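The values are calculated or read from the model by the stated rules, or taken from the named source; none is laboratory data. Here the structure is a predicted model, which is why all the values come from computation and not from measurement. No Cβ is skipped: glycine too gets one built from the backbone with ideal geometry, and neighbour counts run over all protein chains shown. Just so you know, the surface numbers come from the protein's heavy atoms only, side chains and all, with ligands and any DNA or RNA stripped out. Shrake-Rupley method; radii C 1.70, N 1.55, O 1.52, S 1.80 Å.
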Amino acid sequence: MSDRGLPRARRSCLAVPGSSPRFLEKAQGLAADEVFLDLEDACAPLAKDRARQAVVEALTQGDWGGKTRAVRVNDWTTQWTYRDVVTVVEGAGEHLDCLMLPKVRDATQIQALDLLLTQIEKAVGLPAGGIGLEAQIEDAAGLARVDEIAAASPRLAALIFGPADFMASLNMRSLAVGAQPPGYPADAFHYPLMRILVAARAHGLQAIDGPFLRIRDLDGFRESARRSAALGFDGKWVLHPSQIEACNEIYSPSQEDYDRAELVLEAYAYHTSARGGAKGAAMLGDEMIDEASRKMALVIAGKGRAAGLRRTTAFEPPAGTDGGSPDPTRR
């Protein structure tokens, strides 16, 4: 099944050409949360057969160090999709976390991949539903149907924005993929990003921003990442190792925000307990906290824990109480 119950960290999702053994080997030692081995745009048509075998070898023989391992297959309009899926899953299914399907335009494309995966899993003795799916939304048609796509399969783990094809499908007047088009005074990607984010959250999925192709423009990458991170996106594609550190930083909460979130959770649990007075709202310093505060803090705390942050502050019950941690699930 997908990783909805225990979401994987996907702050940085590194694209690696499946046809390059050198890049496949190098990617194993990089600090990206997810690595996806690409059989689509990064592989020329004549290289796809060889790339499939290279991907299988990399998955079965490589040391990926706990990274999420994904493979991007070709989209259903091509002649390569079926063979991509069969070769990779039969050859390396037990070493594979997700398949990524590009250019998704409606729910039937996800459902078809789900059915094919199930048959292969049963045929080779893998747990049915064990391999997750990620869906790329890359054009106007896909965005218009993003809600039905998000609900298409229990295997789905993430929705991904594909800016290059999306910009082309809208006739956007720019050649700088992931950068703001000239002449528009606001954020040209706010609407598609928000549509994808709402659909993802409504169905318990992660939301991943697409790439920024000017790999030497780290400031531009940071600005692009900050925009989607501020909305609530879980991560972003990276195309070069130089983008990984910035990506992991931007999609992780700051230490200060993480500490504050954990403090809110602990303080709210205490004040709503019997020994804390069973209050529906309480003061934490100069801030009133309530159930809505708890929900917001859960988001930040969850991202911080996934990023490996550790608390540097602790909640102290008001004087005259018996103290102690009010929540037995606290770490």
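So Leu213 fits all but one of (1) touching a Ser or Thr at 6+ places or on another chain (Cβ under 6 Å); (2) in a loop (DSSP other than H, G, I, E, B); (3) within 19 Å of Glu34 (Cα to Cα); what number is the exception?
(1)
Mind checking which pairs have a first residue in the stretch 9-30 that is more than 29 Å from Gly304 (Cα to Cα) and a second that is part of a strand (DSSP E or B) and charged (D, E, K, R), Cβ under 7 Å, 6 or more apart or different chains?
Final answer for the pair search is Pro17/Asp38; Gly18/Asp38.
Could you tell me which of the residues Ala202, Ala261, Ala274 is small (Gly, Ala, Ser) and crowded, with 16+ Cβ neighbours inside 10 Å? Spell out how you get there, then give the answer.
On the way: Ala202 fails: crowded, with 16+ Cβ neighbours inside 10 Å; Ala274 fails: crowded, with 16+ Cβ neighbours inside 10 Å.
Selected residue: Ala261, the only one of Ala202, Ala261, Ala274 that is small (Gly, Ala, Ser) and crowded, with 16+ Cβ neighbours inside 10 Å.
Hey, could you check the stretch 1-40 for residues that are in a loop (DSSP other than H, G, I, E, B) and in contact with a helix residue (DSSP H, G or I) (Cβ under 6 Å, 6 or more places away or on another chain) and say which is modelled with the lowest pLDDT? Before the answer, list the steps.
Within the stretch 1-40, the subset in a loop (DSSP other than H, G, I, E, B) is 1-11, 18-20, 28-33, 39-40.
Adding the requirement that they be in contact with a helix residue (DSSP H, G or I) (Cβ under 6 Å, 6 or more places away or on another chain) leaves 9, 11, 18-19, 30-32, 39.
Details: Ala9: 88, Arg11: 96, Gly18: 96, Ser19: 95, Leu30: 97, Ala31: 96, Ala32: 97, Leu39: 98.
So, considering only residues that are in a loop (DSSP other than H, G, I, E, B) and in contact with a helix residue (DSSP H, G or I) (Cβ under 6 Å, 6 or more places away or on another chain), the one modelled with the lowest pLDDT is Ala9.
Condition (residue is out of contact with any Gly (no Cβ under 6 Å at 6 or more places or on another chain), in a helix (DSSP H, G or I) and modelled with pLDDT of 95 or more) applied to the stretch 250-273: is it met by at least one residue?
To start, the set of residues in the stretch 250-273 that are out of contact with any Gly (no Cβ under 6 Å at 6 or more places or on another chain) comprises 250, 252, 254-257, 259-269, 271-273.
Checking the rest, the ones that are also in a helix (DSSP H, G or I) come to 250, 255-257, 259-269, 271.
Now restrict to residues that are modelled with pLDDT of 95 or more: 250.
Within the stretch 250-273, one or more residues are out of contact with any Gly (no Cβ under 6 Å at 6 or more places or on another chain), in a helix (DSSP H, G or I) and modelled with pLDDT of 95 or more.
I want to confirm something. Restricting to the stretch 124-146 and keeping residues that are more than 13 Å from Asp106 (Cβ to Cβ) and free of Cβ contacts under 8 Å to residues at least 24 places away in the same chain, which single residue is surrounded by the fewest Cβ atoms within 10 Å (Cβ to Cβ)?
Looking at the filtered set, the residue picked out is Gly125.
Mind listing just one residue for me: the one in the stretch 147-189 that is small (Gly, Ala, Ser) and within 15 Å of Arg227 (Cα to Cα) and, of those, most open to solvent (accessible area, probe 1.4 Å)?
Within the stretch 147-189, the match that is most open to solvent (accessible area, probe 1.4 Å) is Ala186.
Residue by residue through the stretch 219-247, note down the ones that are open to solvent by 20 Å² or more (accessible area, probe 1.4 Å) and assigned to a helix (DSSP H, G or I).
Result: Asp219, Arg222, Glu223, Arg226, Arg227, Ala229, Ala230, Leu231, Pro241, Ser242, Glu245.
Hey, among Gly183, Gly178, which residue is in a loop (DSSP other than H, G, I, E, B), out of contact with any Asp or Glu (no Cβ under 9 Å at 6 or more places or on another chain) and farther than 14 Å from Ala207 by Cβ? It would help to see each step written out before you state the result.
Details: Gly178 fails: out of contact with any Asp or Glu (no Cβ under 9 Å at 6 or more places or on another chain).
Criteria check complete, one pass: Gly183.
Out of all the residues in the stretch 278-308, which are surrounded by 13 or more Cβ atoms within 10 Å (Cβ to Cβ), more than 18 Å from the chain's Cα centre (by Cα) and in a loop (DSSP other than H, G, I, E, B)?
Lys279, Ala281, Asp290
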